[in-house]
Amino acid sequence: MSCVSVLVARNNLTPPDGLPVAIVGDLFERQQDIDDDRLWLDAGSEDPGAQRFHRARIANRADWIIPGHGGLFRVDTAIRDKLKQQAETASTGPVDSVM
């Protein structure tokens with residue numbers, strides 16, 4: 001997967017003690033691809049398992065995500081839990097070890 005993500009600590013979206021904003025390129029196509037993984041799989045993932053893992057990892061490290069092709073969205077507990085579950089379902093190892 002050749003995608004770069006940037007975490008922006010100082011921003012106008014989160015309080016000073018909040019998590020950063022993540023600019024993620026095609027790691028996320030848009031918020032809707034959390035519920036419909038065909039949106040990002042059909043766009044051409046080089047390694048779906050790794051992409052699921054990194055999507056969950058970024059969600060745990062950011063309060064907001066700016067995806068590659070849609071508007072920014074806030075990351076809440078439900079989104080974090082869903083992405084973690086997707087990553088665990090696709091992997092054979094524990095996801096918590098890097099989150």
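All of the numbers you see were taken from the coordinates with simple rules; none came from a lab. Please read these numbers as outputs of a predicted model, since none were measured by experiment.
Helix-derived [θ] at 222 nm for the chain: sum -39500 (n - 2.57) over DSSP H runs of at least 4, divide by residue count, nearest 500? If you can, show how the numbers build up before the last one.
On the way: 3 runs with 30 residues, N = 99.
Here the helix-only value at 222 nm equals -9000 deg cm²/dmol.
Where both residues lie in region 6-90, what percent of DSSP beta bridges are antiparallel, nearest 5? Please report the intermediate quantities before stating the final value.
On the way: 5 of 8 bridges.
Antiparallel bridges make up about 60 percent of those DSSP assigns within region 6-90.
If you average the C-alpha positions of region 47-67 and of region 10-28 separately, how far apart do those two centres end up, in angstrom?
Using only Cα atoms to place each centre, the spacing works out to 12 Å.
How large is ³J(HN,Hα) for each residue in region 73-89, as worked out from phi by the Karplus curve 6.51 cos²θ - 1.76 cosθ + 1.60 (θ = phi - 60°), to whole Hz, x for Gly and Pro?
8, 7, 9, 10, 4, 4, 5, 4, 5, 5, 5, 4, 4, 4, 5, 5, 5
Full extension from Arg30 to Val6: what is 0.36 nm times the residue separation minus their Cα-Cα distance, to one decimal in nm? Provide the component values of the computation, followed by the final result.
Details: separation 24, 0.36 × 24 = 8.64 nm, distance 1.63 nm.
This chain segment gains 7.0 nm when fully extended.
Averaging sequence separations of C-alpha pairs under 8 Å and six or more residues apart, then dividing by the length of region 6-90, give the relative contact order as a whole percent.
33
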